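Here's the structure, in structure tokens; my notes come after.
The values are calculated or read from the model by the stated rules, or taken from the named source; none is laboratory data. Computed from a prediction, not measured in an experiment: that's the story for all the values here. Ideal geometry is used to build each Cβ from the backbone, glycine not excepted, and the neighbour counts take in all protein chains shown. Areas reflect the complete protein model, heavy atoms only, side chains present, ligands, DNA and RNA absent. Shrake-Rupley method; radii C 1.70, N 1.55, O 1.52, S 1.80 Å.
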Amino acid sequence: MHLHRRDFTPPPPNLTDQASLQRTYRYLRLGVGGTVVLIFVAVAVAMVQVGVLSSVSAYFYTPARTVFVGALIAASLGLLAISGTGLERALLVAAGLLAPLIALVPTPLIPGSVPGIAIDCVPGNSCVPSAYRPDVANGISTYLVVSVVMVVAAFFIFKGRNHEFQAVRSSLLAASGLLLLVALMWVLARDAFLQYTHVTAAIVFFLAIGTVAVAKAFEHHHGIRPTKEYQRLYWLIAAGFLLDAVVAIAVISGGWLEALAVPPVLVCELVALALFLLYWILQSFPRWDAQNPELVFPGSLIAAKMGQQGRSL
């Protein structure tokens, strides 16, 4: 008996399949939003234990470290799994690859900035304490190996599907470029890598999310655009990310960290996390009941229904 390709054609999705897909999508979205809540709670608990530190990132060196790292790795998985399409996909894939770098490469410290942490830097400089460098080496090696395997696997999975390959090509190129840069910096300029990777990855991560928010304000599908209310909210989120990044860069480069009563970097990071959570809620709300959530955006369902009603009159 000869078996033909059509013999293996899967049956059309039934209501049970759609419900399972929808449930999985909802759990992923709840999970990514939940990672922000986890970081907020872990930092708040650590504040009670060790006091107010200079930044959220500095709590890596406190008992909050396990939750901090785990939450960022989990957020990375969620961003990669439901990264959307087009420009949104490329930016969220980049953000998903940057999140583990924020988690695995700690922020440099200056002596005395975290109670109980011995820092062996050159006097007057900041650095990643040598006691933590083996952990970073293990994490970055694992990150590069797993990420390269993922990119290669994705390439071979999609290369025979022309339409789908065209859709993911920009994401694969962006991921490959980022991984190459990380590998070269790690091998050839390790001190610079340890000094600048955390803050650079964090700033680019939040700017990527801000850019997605701008893209969402202009998004359209079959001529339907988001409602003006959603467009304004996306613009506010994007502007908030940009302003927050500018303030953080100005504070760090201007040497104002010690001059202000409230730790400015801590405030900027908390604001960025809150903006990310707001963005994620804004994205999730209109997609919650959709059978194909990635083709839905604010206002589209309402507008589509109004159009159908108009055609039926």
Kindly indicate whether VAL151 is of a type in the set (Val, Ile, Thr) and within 18 Å of the chain's Cα centre (by Cα). yes
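In region 138-162, which residues are surrounded by 14 or more Cβ atoms within 10 Å (Cβ to Cβ) and hydrophobic (A, V, I, L, M, F, W, C)?
As a first pass, look at region 138-162 and keep what is surrounded by 14 or more Cβ atoms within 10 Å (Cβ to Cβ): 139-140, 143-144, 147-148, 150-151, 154-155, 158.
Those that are surrounded by 14 or more Cβ atoms within 10 Å (Cβ to Cβ) and hydrophobic (A, V, I, L, M, F, W, C): ILE140, LEU144, VAL148, MET150, VAL151, ALA154, PHE155, PHE158.
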Hits in region 215-230 - residues which are at pLDDT below 80, in a helix (DSSP H, G or I) and either charged (D, E, K, R) or under 30 Å from VAL265 (Cβ atoms) (or both): ALA215, LYS216, ALA217, LYS228
Identify all residues within region 178-198 that are in a helix (DSSP H, G or I) and open to solvent by less than 40 Å² (accessible area, probe 1.4 Å); write none if there are none. LEU178, LEU179, VAL182, ALA183, TRP186, ALA192, PHE193, LEU194, THR197, HIS198
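Go through GLU294, GLU269 for me and flag whichever is at pLDDT below 70, assigned to a helix (DSSP H, G or I) and either more than 20 Å from PHE68 (Cβ to Cβ) or not hydrophobic (A, V, I, L, M, F, W, C) (or both). Full working, then the answer.
Working: GLU269 fails: at pLDDT below 70.
Of GLU294, GLU269, the one residue that is at pLDDT below 70, assigned to a helix (DSSP H, G or I) and either more than 20 Å from PHE68 (Cβ to Cβ) or not hydrophobic (A, V, I, L, M, F, W, C) (or both) is GLU294.
Go through region 232-242 and report how many residues are open to solvent by 40 Å² or more (accessible area, probe 1.4 Å) and either modelled with pLDDT under 80 or within 16 Å of VAL204 (Cβ to Cβ) (or both). Don't jump to the end; show me each part of the working.
Of region 232-242, the ones open to solvent by 40 Å² or more (accessible area, probe 1.4 Å) are 232-233, 235-236, 239, 242.
Applying the additional criterion that residues be either modelled with pLDDT under 80 or within 16 Å of VAL204 (Cβ to Cβ) (or both) yields 242.
Qualifying residue count for the region: 1.
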In region 78-93, the residues that are open to solvent by less than 30 Å² (accessible area, probe 1.4 Å) and either part of a helix (DSSP H, G or I) or of a type outside the set (A, V, I, L, M) (or both): GLY78, LEU79, SER83, GLY84, GLU88, ALA90, LEU92, VAL93
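Would it be correct to say that ALA75 is under 22 Å from CYS127 (Cβ atoms) and assigned to a helix (DSSP H, G or I)? Full working, then the answer.
Working: under 22 Å from CYS127 (Cβ atoms): no; assigned to a helix (DSSP H, G or I): yes.
When the stated conditions are applied, ALA75 does not pass them.
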